[in-house]
Amino acid sequence: MSLVSISDLLKKAEAGGYAVGAFNCNNMEIVQAIIAAAEAEKSPVIMQASQGAIKYAGIEYITAMAKIAAENASVPVALHLDHGTSFEQVMMCIRSGFSSVMIDGSKLPFDDNVELTKRVIAVARAVGVSVEAELGKIGGTEDDIHVDEKDAFFTKPEEAKEFVERTGVDALAVAIGTAHGQYKGIPELDFPRLEKIRSMIRVPIVLHGSSGVPDDAIEKAIKIGVRKVNIDTNIREAFVQACRDVLNKDSKEIDPRKVLGPAREAATEIIREKIRLFGSSGKA
């Protein structure tokens, strides 16, 4: 089947009370792992590419691999731009064939974020592409943020309501305590904040930086209303560890297939685990 937008997937997730996994891809093996996991679990899936992935693999390769994967899949597959930061980059991805894009204006002043998001939506909607935006700042790996600093960076529920009303965005990424990359400690999510945001907006909520968040916290966030969960670091960890294991056993191995094949299998397994955690197994 052809690529679908995340709007289609997240509306069904909202009705069913589960979340759809959004998994970052950087190469062919990870693309194959994402599809293999989704097929095995009979789950819809979001394949997403960051600016780094596009720079590494090339937008033509990323788009072509995703399209081939979707065409040969029996489950719904979306191709999503993760953290697009400029209008021009988002347009490049739309022209290339992405079915969904994220415009991340979270570092901009509130009104500028609104205007940039509206500008992207005006073009994307015309060609059937869905749009995710971000409000609040999702940090890196630091775990020593004080309460007053947290409040300054976390998504304010009242602003989330105004942002959604003014933009009409399809999905909103919120900052409630997750971070990108590997955590130094156990992240503590601000569930009361998430509950208040959920009570004030009706669009699907997105949780970034979810690798390393305890399973019970992910489950609680989904129960409250998170409908898209992003995973990248956990896939990298499994993939690279499998490569290391092969080379540690035989340092003279020179066949990339014998190194990358087990890595692909390891990535597939971790993605299957996440799909089951998110509750989307059997929902294709």
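Nothing in this text is a laboratory measurement; each read-out follows from the coordinates by a stated rule. Quantities reported herein were computed from a predicted structural model and do not represent experimental measurements. So basically every Cβ, Gly included, is an ideal-geometry build from the backbone, and we count neighbours across all protein chains shown.
Quick notes on this structure:
- Seen from a random direction on average, the alpha-carbon convex hull of region 1-61 projects onto 4.6 square nanometres.
- Modelled FRET efficiency - R0 35 Å, Ala126 with Glu219, Cβ distances, 0.05 increments: 0.40
- Full extension of the chain between Tyr61 and Arg119 gives 18.2 nm of extra length, using 0.36 nm per residue less the Cα-Cα distance.
- A full extension of the chain between Lys11 and Leu247 corresponds to an added length of 80.6 nm, given 0.36 nm per residue minus the alpha carbon distance.
- Sites Asn72 and Glu269, calculated FRET efficiency, Cβ-Cβ separation with R0 22 Å, nearest 0.05: 0.60
- On Cα atoms only, tilt of 6-16 relative to the major axis of the chain in degrees: 80
- Between 0 and 90°, nearest 10: helix 157-167 axis offset from the chain longest Cα axis: 80
- Cα→Cβ-extended label distance, 7 Å offset, between Arg257 and Glu159, nm: 5.2
- Angle between the chain longest axis and helix 256-278 axis [Cα atoms, degrees, rounded to 10]: 40
- Evaluated over the Cα positions of the chain, the convex hull gives a direction-averaged projected area, one quarter of its surface, of 14.3 nm².
- Interatomic Cα distance distribution for region 1-114, bins of 10 angstrom, percent: 14, 46, 30, 8, 0
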